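J.: Sharing a structure below in structure tokens format, with a few things to ask.
The values are calculated or read from the model by the stated rules, or taken from the named source; none is laboratory data. Quick caveat: nothing in here was measured; it's all calculated off a predicted structure. Cβ: placed from backbone, ideal geometry, glycine included. Neighbour counts: every protein chain shown. Surface areas here come from the heavy atoms of the whole protein model, side chains and all, with no ligands, DNA or RNA. Shrake-Rupley method; radii C 1.70, N 1.55, O 1.52, S 1.80 Å.
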There are 2 protein chains.
Amino acid sequence: MEAGEPTSLQIEKQSLHDQVASRIRDLIIEGHLEPGSRIDEAKLVEQLGVSRTPFREALRTLAAEGLIVIRPARGSMVRKLSRADVFSMLEVLAEMERLAGRTACERASDSEIAHARDLHERMLEYYRSGERMPYYKLNQEFHTFIASLSRNETLCEIQGNIMARLKRIRFIGNSEPEHWRAAVDDHEEMMDALAARDGQRLGDIMAHHLSETWQRVKNVI
Amino acid sequence: MEAGEPTSLQIEKQSLHDQVASRIRDLIIEGHLEPGSRIDEAKLVEQLGVSRTPFREALRTLAAEGLIVIRPARGSMVRKLSRADVFSMLEVLAEMERLAGRTACERASDSEIAHARDLHERMLEYYRSGERMPYYKLNQEFHTFIASLSRNETLCEIQGNIMARLKRIRFIGNSEPEHWRAAVDDHEEMMDALAARDGQRLGDIMAHHLSETWQRVKNVI
DNA sequence: ACACCATATACTGTATCCAACCGGAATTCG
DNA sequence: CGAATTCCGGTTGGATACAGTATATGGTGT
């Protein structure tokens, strides 16, 4: 959701609660805060070296983003995703990516498509050398980039939000070799469709890609 | 502070910032706070009779929802939607409703479809008697209900969020009689498709319905 | 007239206090 | 002896006062 514009010359005059929110987001995504675990306000405030006010503001933000749950007078906890939660997110995300794929083919410039190709090539290398983590990072970037080609701000925002919520789970997902291979094949097809500017096909592949993710992931939860 | 939903026996143990957030949300949606206008923290705090702490937490929530914009050290303002913003939201919303329509046909019970029919009939009456406001309210409820039939929590959440952002604009939208009539016709078709459990068709109509909304609205912004 | 500086007016962040509430433990009663 | 009630500790929620800082405004000097 944040991660805004590195392009603009804007001074990153982020307010403290934004920084705190980003920090906690990372802690959650990277697994330093277990899903379902209580968030000890006093302890985290101590660790981060900020006072309670901006910290609590940050918690409200994360709650609105759906990353944590706040129960009045009982503190907040990292949101634990149920099977149904994950399925519903993937179902929505699939349609988001379908839309992104369809419109990207209409709205992207040639150089942007070339850049997508470049990202894809680099992912291929990481796949061949079996480096999961860099592949995973690039994968995120690839999907985010395709979304941006839709020129649809709202779509980017929602896609980013859902991906943030699912990050840890998706990472777990492609641990098995054959799954990983299938994912890479999908990406190959995506690049074909994008190069041919076949929006319908690209959208279908991207949606299908996520239904495969569900197959991958559903037994792990 | 009339909260409004006495529907379930749910304990109304809402924390203060939630109440404040709802209150401000209503102020924005009902137009008491103009888009683009600065939000005078001190004044609103005074009016609402709360202190700054829950108020600012509420602002953070609304910012995460996209209803207001907070610029560090320069205060917050009601988000002003550009043409592109509205288009992007409608484009996303259309896909959301398409998904809702498609899956609703698979997952809804007969009695739920009957309830949708009931909502539709009541809307028809308001249409015939020309009562815009009650029609509008029921219209919101109708679309929200269809979304709920998808059994997809995430979809409901996002659809609700986008609808909240667009509420004022959509209300402006159907001021012209012929547009209103077209909208009613769409709803008639929706009910047909839902009754026939033709998910593809229902999804298409609902998406098309929103592209009409864009045609309605685009000149007003 | 324009530029620059000083002051005023916010908004942001901190610290502290008190009240309300949840959960568990101890006590009491059946 | 078991169960319900009560009490208490710890945590969260809300209010307020205060300090720091950035923006904006207005005035002054060239």
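J.: Mind checking the dipole of the stretch B:12-110: about its Cα centre, +1 per Lys or Arg Cβ, -1 per Asp or Glu Cβ, Debye to the nearest 20?
T.: Approximately 460 debye in magnitude.
J.: Out of the total accessible area of chain B (probe 1.4 Å, heavy atoms of protein only), what percent is carbon and sulfur?
T.: Reported share for carbon and sulfur atoms: 50 percent.
J.: Looking at the stretch B:51-118, which trypsin sites (Lys or Arg not before Pro) are DSSP coil and have at most 14 other C-beta atoms within 10 Å of their C-beta?
T.: Details: sites: B:ARG52, B:ARG56, B:ARG60, B:ARG74, B:ARG79, B:LYS80, B:ARG83, B:ARG98, B:ARG102, B:ARG107, B:ARG117; in loops: B:ARG74, B:ARG79, B:LYS80.
Within the stretch B:51-118, the qualifying trypsin sites (Lys or Arg not before Pro) (loop, at most 14 other Cβ atoms within 10 Å) are B:ARG74, B:LYS80.
J.: Give me P(r) over the protein assembly as shown, computed from all C-alpha to C-alpha distances, binned every 10 Å, as integer percentages.
T.: For the protein assembly as shown, the pair-distance distribution reads 4, 19, 29, 28, 16, 4, 0.
J.: Could you give, in nm with one decimal, how far A:ARG122 is from each other copy of that position, shortest first, with labels 7 Å out from Cα toward Cβ?
T.: List, nearest first: 5.5 nm.
J.: To continue, here is another question. Under 11 Å from the Cβ of B:GLY36, count the other residues' Cβ atoms, weight Lys and Arg +1, Asp and Glu -1, and hand me the total.
T.: +2
J.: Another question, then. Suppose every K and R has +1 on its Cβ and every D and E has -1 on its Cβ; what is the size of the dipole of the protein assembly as shown about the Cα centre, in Debye to the nearest 20? Intermediate values should be presented prior to the final figure.
T.: On the way: 62 positive and 72 negative charges, 297 e Å.
Rounded to the nearest 20 debye, it is 1420 debye.
J.: Based on alpha-carbon centroids, what's the gap between the stretch B:162-221 and the stretch A:13-64 in Å, whole number please?
T.: The stretch B:162-221 and the stretch A:13-64 have Cα centres spaced 40 Å from each other.
J.: Follow-up. Ignoring ligands, DNA and RNA, how do B:THR53, B:THR61 rank by accessible area with a 1.4 Å probe, largest first?
T.: B:THR53, B:THR61
J.: Cross-link partners among lysines for A:LYS218, C-alpha distance below 19 Å, same-chain residues fewer than 8 apart left out?
T.: A:LYS80, A:LYS167
J.: Let me ask something else. Among B:SER37, B:GLN140, B:ASN152, pick out the residue whose Cα is farthest towards the positive end of the charge dipole of chain B, where Lys and Arg carry +1 and Asp and Glu carry -1 on C-beta, about the Cα centre.
T.: About the Cα centre, the residue reaching furthest to the positive side is B:SER37.
J.: Convert 37 °C to kelvin, take the viscosity as 0.692 mPa s, use the Kirkwood radius over C-alpha pairs of the stretch B:16-78 as Rh, and evaluate the Stokes-Einstein diffusion coefficient in µm²/s, rounded to a whole number.
T.: Translational diffusion coefficient: 287 µm²/s.
J.: Can I ask one more? Just in the stretch B:112-204: which GluC sites (Glu not before Pro) are loop by DSSP and have at most 13 other Cβ atoms within 10 Å?
T.: B:GLU131
J.: So what's the back-of-envelope 222 nm ellipticity for chain B, counting only DSSP H runs of four-plus at -39500 (n - 2.57) apiece and dividing by all residues, rounded to 500? Walk me through the numbers on the way to the answer.
T.: Working: 9 runs with 158 residues, N = 221.
The helix contribution divided over chain B gives -24000 deg cm²/dmol.
J.: Keeping every protein chain in place, order B:CYS156, B:CYS105 by accessible area at 1.4 Å, biggest value first, i.e. largest first.
T.: Largest accessible area first, the list is B:CYS156, B:CYS105.
J.: Kirkwood Rh, chain B, all Cα pairs: how many Å?
T.: Result for chain B stands at 18.8 Å.
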